[in-house]
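Asker: Right, I'll just put the structure down here and ask away after.
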Amino acid sequence: MKFYDREEEIEILGRNRKISERTGTFTVITGRRRVGKTELIKEAEKESRVLYHFVQKNSESMVCEQLIRDAKESLGIDLIRTDRFDDLFRQLMIYGKDNAFTFVLDEFQELERINKAIISGIQNHWDSYKKRSKVNLIACGSVYSMMIQIFQNSKEPLFGRASSNMNIHPFPPSVIKKILKDHNPDHTSEDLLLLYMVSGGIPKYIELLMDSGAVSFDDMIRHICSKDSLFLKEGKDLLTMEFGNEYGTYHSVLRLISEGRNTAREISDSLKKEAGQYLDNLERKYLLVKKSRPVFSGDGSRNIRWKISDRYIDFYFRFISCNMSLIELKKFDILEEKIRKGYHGYSGRVLEEYFREKIAEEERITHIGQYWDRKGMNEIDIIALNDVDMKAIVADVKRDKRKIDISELRRKAGTAAELNEFDIEFRGYSIDDM
């Protein structure tokens, strides 16, 4: 699959590279696994002198051996052999005094796991040489929680050292739609909705489907349920990488949210212990869940429903995790049958999320969300506000456009007194409008 989107990110990386020709620049790139961080760097730096080093889960001496080989192959230099990573880093910073190059450390957080002292060494040498060196340093990492700890915790050595921070997000609906159209010009809305549902805009997942020819609804389902499908194990692998020893409890919290138990009290009651800290970590540390409050409620409102914010993870818990016995028994045909049976009901909720993202991407708005009153009634799928022009979009989302009732939508909107200040446009969205 060809490279798509990321124009702004490429522009930022190009600007940083230009600056590094005068003084060292330090860019930190984070984003969940498979979101395309490495491909972005390769695309942005394809015309540059690049030393790319993937930090493997090995001993420090083995990591050093690989970096020495990488430096020889990429830059043509012979680093003095050492078993200390920060010694090699110092040699490269010195080399950069007379030679401009981009130095990429991919999966940077693994250095912390290998030897905590490495981070302090990097900080020391960066502070000593950055003003005299022409190194365009890029630290890239997939374990979001560790990258945040390393670079944004004020007690850590590299706090404040980054000159640029980038968090790479999944593709928005417009890009997902463009990719599908490029591979299947006659695609249906059902094809697009399933691609959005299972990929969540993650480039690697889209690439796997497109490159395998799974560009229609039926072919995507068959690919997902095939024996060697990455979609069947990716969820567990990703969560194990993030949660480590606490995998069990976090997995349970996510499963409960996926089942519809979406208030802190419901989750705590099901866990038989307080869930507040786990929910807070999932939101702030791991970016896997988000709070949903009714539009117009303040940040301190306790009228909160929790959602899984990662579309693939939501799909994984809804259809894969709960059917692991079928996968172990190699009953992939039954798994496919279950997904097909459950798809229609589940996809309505996903369709709402699609249109919230689409409106946020395309419209002039300042806030978007859902609405329900204090009793949990009079639910409105989408309220998008523009508090500059004092305009609002109030929308109902249904798979079947015949079920959209604008008069009922007007009635519900009348229960939100705050909307009286806005010029309201009422809309109905169905799968036909994707």
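Asker: The list [x] 15, 29, 28, 19, 8, 0; [y] 26, 54, 19, 1; [z] 22, 51, 25, 2 gives values of P(r) over Cα pairs in 20 Å bins from 0, in percent, and only one came from this structure; which label was calculated from it?
Answerer: Computed from these coordinates, P(r) over Cα pairs in 20 Å bins from 0, in percent corresponds to label [z].
Asker: Hey, which lysines would be in cross-link range of LYS401, C-alpha to C-alpha under 20 Å, not counting anything within fewer than 8 residues on its own chain?
Answerer: Within reach: LYS358, LYS412.
Asker: Just tell me the longest site-free run in the chain, where the sites are GluC sites (Glu not before Pro) in a DSSP loop having at most 10 other beta-carbon atoms within 10 Å. Don't jump to the answer; show the numbers that get you there.
Answerer: On the way: sites that count: GLU21, GLU47.
Answer - 48-434.
Asker: Something else now. Taking Cα centroids, how far is region 46-83 from region 281-356 in Å?
Answerer: A separation of 41 Å, based on Cα centres.
Asker: Out of residues 5 or more away from PHE171 or on other chains, whose amide H comes under 5 Å of its own, with H placed 1.01 Å from N in the peptide plane?
Answerer: ILE202
Asker: Let me ask something additional. Kirkwood Rh over Cα pairs of region 3-108 into Stokes-Einstein at 25 °C, 0.890 mPa s: D in µm²/s? Write down the numbers at each step before the final one.
Answerer: On the way: Rh = 14.8 Å.
Rounded, D is 166 µm²/s.
Asker: Another one. Across region 247-261, in residue order, what do the Karplus-derived ³J(HN,Hα) couplings come to in whole Hz, using 6.51 cos²θ - 1.76 cosθ + 1.60 with θ = phi - 60° and x for Gly and Pro?
Answerer: 3, x, 5, 5, 4, 5, 4, 5, 4, 5, 5, 5, 7, x, 8
Asker: Measuring from centroid to centroid over Cα atoms, what is the spacing of region 378-407 and region 188-247 in Å?
Answerer: Region 378-407 and region 188-247 have Cα centres spaced 30 Å from each other.
Asker: Helix-only mean residue ellipticity at 222 nm, the chain, DSSP H runs n ≥ 4 weighted -39,500 (n - 2.57), per residue, nearest 500. What is it?
Answerer: Taken over the chain, the calculation gives -14000 deg cm²/dmol.
Asker: If you don't mind, another one. Find the relative contact order for region 44-149 and round it to a whole percent, using C-alpha pairs within less than 8 Å whose residues are 6+ positions apart. Intermediate values should be presented prior to the final figure.
Answerer: On the way: 155 pairs, mean separation 33.4, N = 106.
Relative CO of region 44-149 lands at 32 percent.
Asker: Modelled label-to-label distance, THR366 and MET324, 7 Å Cα→beta-carbon offset: nm?
Answerer: Result for the modelled spin labels: 4.7 nm.
Asker: May I ask for the net charge around ASP314, where only other residues with Cβ less than 10 Å from the Cβ of ASP314 are counted and Lys, Arg are +1 while Asp, Glu are -1?
Answerer: +2
Asker: Right, another one. Residue by residue through region 78-92, which ³J(HN,Hα) values in whole Hz follow from phi under the Karplus form 6.51 cos²θ - 1.76 cosθ + 1.60 (θ = phi - 60°), with glycine and proline marked x?
Answerer: Running phi through 6.51 cos²θ - 1.76 cosθ + 1.60 with θ = phi - 60° gives 9, 6, 5, 5, 7, 9, 10, 4, 5, 5, 5, 4, 5, 4, 5 Hz.
Asker: Per residue of region 342-355, what does 6.51 cos²θ - 1.76 cosθ + 1.60 with θ = phi - 60° give for ³J(HN,Hα)? Whole Hz please, x for Gly and Pro, Karplus curve as stated.
Answerer: Rounded to whole hertz, the list is x, 4, 4, x, 5, 5, x, 5, 5, 4, 4, 5, 4, 6.
Asker: Less than 26 Å apart at the alpha-carbon level, and either on another chain or at least 8 residues along: which lysines does that give for LYS233?
Answerer: LYS2, LYS37, LYS57, LYS177, LYS204, LYS285, LYS290, LYS307, LYS330, LYS331, LYS338, LYS341
Asker: At a Cα cut-off below 16 Å, give the aspartates and glutamates reachable from LYS130, other chains included and same-chain residues fewer than 8 away excluded.
Answerer: GLU21, ASP86, ASP87, ASP98
Asker: Any idea what diffusion coefficient region 75-192 gets from Stokes-Einstein, in µm²/s, Kirkwood Rh on alpha carbon pairs, 25 °C, 0.890 mPa s?
Answerer: The calculation lands on 145 µm²/s.
Asker: Hey, another quick one. Quick check on region 246-292: take the gyration tensor over C-alpha atoms, sort the square-rooted eigenvalues as a ≥ b ≥ c, and tell me if it's rounded (a/c under 1.5), prolate or oblate. Could you put the intermediate results ahead of the total?
Answerer: Working: a/c = 1.43, a/b = 1.21, b/c = 1.18.
Rounded is the answer for region 246-292, as its axis ratio a/c remains below 1.5.
Asker: Can you give me the orientation-averaged projected area of the convex hull built on the Cα atoms of region 139-297, in nm²?
Answerer: Result: a mean projected hull area of 13.0 nm².
Asker: A follow-up question, please. Calculate how large, on average over all directions, the projected area of the Cα convex hull of region 227-355 is; give the answer in nm² to one decimal.
Answerer: Seen from a random direction, the Cα hull of region 227-355 projects 8.9 nm² on average.
Asker: OK, next. In 10 Å bins starting at zero, report the fraction of Cα pairs in region 288-434 per bin as a rounded %.
Answerer: 10, 34, 33, 15, 7, 1
A short reminder: the numbers here are calculations on the coordinates, not readings from a lab. Predicted model, so just to flag it, every value in this text is computed and none were measured. Methodologically, a virtual Cβ is constructed for each residue, glycine included, from the backbone with ideal geometry; neighbour enumeration extends over all protein chains shown.
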